[in-house]
Every structure is written in structure tokens, then in C-alpha cells.
Amino acid sequence: MTFPELLDRLRSPGGVKLFRYSMASAVAVVVSLIFLVFFNGVLGWSAWVSSTLATAIATVPNYVMNRRWAWGKTGRSHIMKEVVPFWALAFLGWMLSTISVHAMEGYAKHHDFSHALSTFSVAFVYVAAFGVLWIGKFIIFNKVLFAHHIEDLPPELDGRTGVRF
């Protein structure tokens, strides 16, 4: 694929949506990492507690950015069709990341990692665990959770893509 072809794909409605989803994910990663490192590295809380709080805090801006910015949904959120499934996916990510960071924390203690190396290792494993779910979540968000139905769209939205033009 040539560079101009790649740019054309990125400019397409699907490319724009993927880019925005990626940026919302990047914001969530930064927010969660800041809190994870603060709770675990600065306050010395366990990786389990730190991961739980960091995930819960980062899920809020991630939901808002994905729903409004990436998928262009406006109005009130539907609790059972959007909020509960989004939080269920966040909970799945939390479970995977928490199991991973707990295992990493145990490994780091068993192998006498320095505090800095232990914190870095826990943060790295935390991001890697969420990275595993990233593609699957995009598909679920795009095809199920934030899918637009033509009858629900205001006129300024393109009914085929749900992306504002």
C-alpha cells in the first residue's frame, strides 16, 4: 500500500472512526497509567487496588470520547444498550489487567525487583493486557454498541457511516 492510499483510507469514514477510537484509547491509557503509577508507585498501594481504581477512573472519559467523538452519538446514553455493555467490556479489561498486574507484582517481589522496576513492570503489563482487547472492542463498539440505526440519526449525519461531515 502506498502512502497516498494509506492517507485515503485514513480519511474515509471508517478510517476517521478508527483514528478517533485510537485517540480515545490513548487518552484512557495515559489517564489510567498516571493513576496506576500514582497509586502503586507513589502511594504504595497493591497492584490489584491500583489497577482497579485506575481502570474505573479512565473508563469515564473513554466512554464519553468513544460515544460522542469517535461514533458521533449524541443525546442521552441508553443504559442497557450502551452503558452496561461498555462497562462490562471495561470490567473484562480490568479482570485481565488485574490478574496480569497481580502476577507481575508477585514475580517482581519474588525476583527482588527494585521499586522503580517493579512499578514499570506492573505498568507495562497493565497496558499490554488492555492492548490484547483493543481490536475486539473496536469491532464490538462499531458493529453493536455504538452502531447507528438510520431511523435514529439526525439529518446532518450520514446514515451509512454515522460520521459527521
### Summary
Result of the Cβ filter at 6 Å on the stretch 90-105, keeping first residues that are over 16 Å from A56 (Cα atoms) and partners that are among the aromatic types (F, W, Y), at least 6 apart or interchain, is H102/W48
### Message
I'd like to know if the stretch 53-61 contains one or more residues that are farther than 15 Å from Y126 by Cα and not acidic (D, E).
### Response
yes
### Task
Give the residue, chosen from A90, A26, A56, that is closer than 16 Å to A128 by Cβ and either over 13 Å from the mean Cα position of the chain (by Cα) or not charged (D, E, K, R) (or both).
A26
### Query
Hey, among the residues in the stretch 27-39 that are of a type outside the set (V, I, T) and under 11 Å from P61 (Cβ atoms), which one's surrounded by the fewest Cβ atoms within 10 Å (Cβ to Cβ)?
A28
### Query
Quick one: is W48 over 17 Å from F130 (Cα atoms) and either modelled with pLDDT of 85 or more or aromatic (F, W, Y) (or both)?
no
### Task
Kindly indicate the residue of the stretch 142-165 that is outside any helix (DSSP H, G or I) and charged (D, E, K, R) and also modelled with the highest pLDDT among those meeting that condition.
E156
#### Entry: Sole exception among (1) free of Cβ contacts under 8 Å to residues at least 12 places away in the same chain; (2) within 21 Å of K17 (Cβ to Cβ); (3) under 13 Å from the mean Cα position of the chain (by Cα) for R67, by number
(1)
### Message
Taking the criterion of being closer than 28 Å to V64 by Cα, crowded, with 20+ Cβ neighbours inside 10 Å and touching a Phe, Trp or Tyr at 6+ places or on another chain (Cβ under 8 Å), would at least one residue in the stretch 146-153 satisfy it?
### Response
yes
### Task
Being out of contact with any helix residue (DSSP H, G or I) (no Cβ under 9 Å at 6 or more places or on another chain) and surrounded by 14 or more Cβ atoms within 10 Å (Cβ to Cβ) is the filter here, so list the residues in the stretch 3-26 that pass it.
P13
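The values are calculated or read from the model by the stated rules, or taken from the named source; none is laboratory data. In this text the structure is predicted, and so the values were computed from the model without any measurement. FYI the Cβ positions are ideal-geometry reconstructions off the backbone, even for glycines, and counts take in every protein chain you see.
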